[in-house]
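First the structure, in the form of structure tokens, and then the observations on it.
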Amino acid sequence: MHRIVFLDRSTLAPQVRLRAPAFAHEMIEHADTAADQVVQRLAGAHIAILNKVPLTAAALARLPDLRLVAVAATGTDCIDKAACQRHGVVVCNIRGYAVHTVPEHTFALMLALRRNLVAYRQDVIAGRWQASGRFCFFDHPIRDLAGARLGIIGAGVLGQRVAALARAFGMVPLIAAHKGRSDMGPAFTPWQEVIETSDVITLHCPLTPQTRGMIARPEFRAMRRRPLLINTARGGLVDEAALVEALDEGWVGGAGFDVTEGEPPAAGHPLMRVAARPNVILTPHVAWASEEAQQSLADQLVDNIELFVSGQPGNIVTGWPVQATMAAPAVAGMTPDAQPADQSASAR
């Protein structure tokens, strides 16, 4: 009998069905879990399911029965993966489920800002249409996507899907080379060129020590075309205080963000201070959350758990092979790096 504990079930919508794993088990679900409740709730558990609850080295040291952490998301930055490796705990994640929902949200933000939909909506509500006395008015510029240069930072599944949609709109997609790299080949556009010449820049890369703050004041100052900046990936990729300065100084034309550094953001958070501006759209980390995507995620989550119990784990981030799996021994020849995590997704 395998004990499974889901620490933050409320991170999936209530209508999303989480099927019962096809083996003898006890499933316990908690809507939310505070950091100081993790050890108590996972005591005796063999499998932990979590989305955003931090799992620290100190907690892992007190959970000797734990064998699998099944992350209900792509991003695993809330988990001390090195500690999991030391304690023989496998970590697996979700991949490929957001291939439609995140790119579509990206383009929803892009279109709304490029065409000034928020500003025109506010004007209509305020009576500006009637006051104009004409069939239309031109208070805010409207720009087509066709012909615009789209800088894409992140060349994984989501970045490539965004590039495909961009081509369908007649845009010119530019896949950015990594910052500071000049050896990535002709498929990539140099970082500085992307920053300087894009009309829209969109982020689809993971948050790592190398990518934290990758868009900051020097980058904003170099943006010659006053681009829109879209972030459906991770808060922390952008220096948010510098973004507000860039909006104030006109270095960027607008911002569409689905993520912030610290979620939910405090009332005084830099993006909350500018959220009411017509050239800013801030959504509450829902780019990943179409009903179709959430159900795909839930199905894959249970698949991952069943594969692990069968002795053939998939979507491994770290921790395999280990000595104490729950069924068969480690697959011959497999190393912890044999199935690297998909770093392309906007890790939800």
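The values are calculated or read from the model by the stated rules, or taken from the named source; none is laboratory data. As the structure is a computational prediction, the values presented were derived from the model and not from experiment. Every residue, glycine as well, gets a Cβ built from its backbone with ideal geometry; the counts of neighbours run over all protein chains shown. We work out accessible area using only protein heavy atoms, side chains counted, and drop any ligands, DNA or RNA first. Shrake-Rupley method; radii C 1.70, N 1.55, O 1.52, S 1.80 Å.
Annotations
- Test: residue in segment 254-261 that is more than 16 Å from residue 202 (Cα to Cα) and either at pLDDT below 95 or open to solvent by 10 Å² or more (accessible area, probe 1.4 Å) (or both): yes
- Considering residues of segment 35-61 that are charged (D, E, K, R) and surrounded by 13 or more Cβ atoms within 10 Å (Cβ to Cβ) only, the residue nearest to residue 5 (Cα to Cα): 41
- Scanning segment 175-201 for residues that are open to solvent by less than 70 Å² (accessible area, probe 1.4 Å), within 20 Å of the chain's Cα centre (by Cα) and free of Cβ contacts under 8 Å to residues at least 40 places away in the same chain yields 175, 176, 177.
- For segment 130-149, the criterion of being more than 27 Å from the chain's Cα centre (by Cα), among the basic types (Lys, Arg), farther than 22 Å from residue 104 by Cβ and in a helix (DSSP H, G or I) is met by no residue.
- Search result, residues across segment 301-315 that are open to solvent by less than 30 Å² (accessible area, probe 1.4 Å) and either out of contact with any helix residue (DSSP H, G or I) (no Cβ under 7 Å at 6 or more places or on another chain) or free of Cβ contacts under 8 Å to residues at least 60 places away in the same chain (or both): 301, 302, 304, 305, 308, 309, 311
- Condition check for residue 147: under 21 Å from residue 225 (Cα atoms), of a type outside the set (Phe, Trp, Tyr) and open to solvent by less than 10 Å² (accessible area, probe 1.4 Å): no
- Some residue of segment 101-115 being in contact (Cβ under 8 Å) with a residue 24 or more places away in the chain and over 19 Å from residue 255 (Cβ atoms): yes
- Which listed residue, of 32, 77, 65, is open to solvent by 40 Å² or more (accessible area, probe 1.4 Å), at pLDDT below 95 and more than 30 Å from residue 142 (Cβ to Cβ): 77
- Hits in segment 230-258 (condition: more than 15 Å from residue 111 (Cβ to Cβ) and of a type in the set (A, V, I, L, M, F, W, C)): 233, 237, 238, 241, 242, 243, 244, 246, 247, 251, 252, 257
- Any chance residue 240 is among the acidic types (Asp, Glu), crowded, with 22+ Cβ neighbours inside 10 Å and in contact (Cβ under 8 Å) with a residue 24 or more places away in the chain: yes
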